[in-house]
Amino acid sequence: MPKFFNAVEVIDMGIKKEEKRRDFYGYAAEKFQEKDMKELFTKLRDWEKAHIEKFTEIKNGIDETKVTEYYQGEFDAYIKAATDDMLYQQISPEWFAKNVKEPLAAINYGMSFEKDAILFFSELIGYVISQSKDKLQQLINEEKKHLVYLAELKKKYQ
């Protein structure tokens, strides 16, 4: 018998990733003293805060419907792999200070976070019923906007 999953729980996992991105951008805003970099990462941090609110709103609009997996254990294994990613485990003020020395490095990490979010939510579409797919697509579209913004900024620093 297939195991069923609640789409709301899945989005909660995505929100946790959003919180980590918010923290990453917050560290960057504190680290860089140059006015333009401080403003950039403060803006990105604030966008993530707004994202968390928007994702919470989307989550609250989803019925408590269930989704199924193709084989027993598939969903648990995928979600564990996706949320245990080292990209998110290593975020701390100490790690950031040691590994992010310049604006371009921070932008590159930010782009990695946004790509990860796009992949995470894109993969989840296959696990939810059709009425939840539109909600998850909204999340993906938000992440794509962030990625494009960072990609444009990266051009300025190369």
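Here are some notes:
- Each of 109, 149 was scored by other Cβ atoms within 10 Å of its Cβ. Listed from fewest to most, they are 149, 109.
- Computed over neighbours whose Cβ is under 9 Å from that of residue 22, the net charge equals -1, Lys and Arg +1, Asp and Glu -1.
- Burial ordering of 58, 52, fewest other beta-carbon atoms within 10 Å first: 52, 58
- Cβ-Cβ distance of residue 46 and residue 94, R₀ of 25 Å, FRET efficiency by 1/(1 + (r/R0)^6): the value works out to about 0.60.
No value in this document is a laboratory result; all are computed from the given coordinates. No experiment lies behind these values; they were computed from the predicted model shown. So basically every Cβ, Gly included, is an ideal-geometry build from the backbone, and we count neighbours across all protein chains shown.
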